[in-house]
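Notes to accompany the following structure.
The values are calculated or read from the model by the stated rules, or taken from the named source; none is laboratory data. Because the structure is predicted, anything quoted here is derived from the model rather than measured. These area figures cover heavy atoms from the full protein model, side chains too; ligands, DNA and RNA do not enter into them. Shrake-Rupley method; radii C 1.70, N 1.55, O 1.52, S 1.80 Å.
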Amino acid sequence: MPPPTRAFASEHVRCCTLIGHVDHGKSSYADSLLAANGIISSRAAGQVRYMDSREDEQERGITMKSSAVSLTFKLRKIQEGQVEGIDDYTLNLIDTPGHVDFSSEVSTAARLCDGALVIIDVVEGVCTQTVHVLRQAWMDGLRTVLVVNKMDRLITELRLTPNEAHHRLLQLIEQVNAVIGGFYAAACMEQDQRWHEAGADATTRDTREDADLYFDPSRGNVIFASAVDHWAFRLERFSHMYAHKLGIKEQTIRQFLWGHYYFDPKTKRVLTHDRDKRGRRRNPLCDNR
């Protein structure tokens with residue numbers, strides 16, 4: 001069974017931590033958030049490493065101590081596709097080290113927060129410290145969002161085609177979900193053992209589903225980003241754009257933007273891979289035309 005998630009401190013106040021493997025772009029991603037808040041210039045974002053305030057951190061180029069900053073954002077309040085107002089939010093952000101020698105900084109920050117942004121390099125994938133920080137977030141019951149960083153490397157370094165990049169992203173998210181699935185299976189085995197030792201009735205056991213634990217771009221808990229180029233997006237942006245372009249409801253097209261789906265422009269129907277016999281276009285997110 002999944003651990004209980006923490007209650008938010010306030011409706012419009014969030015405490016979030018940046019966690020991930022070393023050199024996966026946490027400090028650069030924090031710089032982009034600071035630039036969006038007007039604290040540093042957008043040109044300096046990713047180079048100044050604002051959260052690395054110590055001299056030895058700047059010299060070595062790695063984060064060694066956790067640093068915190070408060071940011072303010074305005075978000076649109078949308079109901080049934082209509083904007084009904086703008087809400088002000090305060091985000092207390094903690095940037096943590098990614099090196100294994102400073103794991104205590106990660107555990108301390110996790111206990112202070114109610115959410116976490118898990119930064120992962122799209123090229124390097126799941127590393128040892130990635131598994132460690134995911135376990136820490138699981139144990140502390142944090143609400144996690146996966147940030148697939150350094151998307152520019154798929155083009156500039158690996159030179160992948162859109163289809164190849166799509167399959168690589170699928171495999172990466174599956175690897176992260178496999179780690180989460182391992183945590184869930186271990187928790188279920190521990191629960192079963194306690195029930196057997198207590199001799200309780202198995203019919204009264206809590207058997208909650210684990211579907212909400214996994215990362216899925218269509219559910220909005222995956223962000224694709226390039227911190228060095230100062231951009232990031234979720235599938236909602238594409239669903240809003242293509243809903244007006246194709247004349248389809250935004251909620252309808254959102255569920256087909258991730259996965260093996262094809263769009264028939266003549267009938268305006270979404271087809272699966274098995275039903276596509278004439279090489280129709282892939283989903284708009286992976287289309288290169």
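Leaving out ligands, DNA and RNA but keeping every protein chain, what accessible area does Val228 have, in Å² rounded to the nearest 10, with a 1.4 Å probe?
90
Roughly how much of Glu197 is accessible, in Å² to the nearest 10, using a 1.4 Å probe?
Answer for Glu197: close to 140 Å² accessible.
Please compute the alpha carbon radius of gyration of the chain, then divide it by the globular-protein estimate 2.2 N^0.38 Å. Two decimals is fine.
Dividing the Cα Rg of the chain by 2.2 N^0.38 Å gives 1.10.
When the helices in the chain are scored as -39500 (n - 2.57) per DSSP H run of 4 or longer and the sum is shared across all residues, what 222 nm value do you end up with, to the nearest 500 deg cm²/dmol?
-10500 deg cm²/dmol
Rounded, prolate or oblate: pick one for the range 68-174, where a ≥ b ≥ c are the square roots of the eigenvalues of its C-alpha gyration tensor, a/c under 1.5 means rounded, and failing that, prolate if a/b is larger than b/c, else oblate.
Note, shape of the range 68-174 comes out oblate.
For the range 27-52 and the range 54-71, write down the distance between their C-alpha centroids in whole Å.
12
Apply the membrane-span-like helix rule to the chain: whole DSSP H runs, Cα extent along the own long axis of at least 30 Å, mean Kyte-Doolittle hydropathy at least -0.5. List the helices found.
Passing helices, by number: 162-198.
Would you kindly find the accessible area of Lys65, with a 1.4 Å probe and non-protein molecules such as ligands, DNA and RNA excluded, rounding to the nearest 10 Å²?
Lys65 has an accessible surface of roughly 80 Å² with all protein chains in place.
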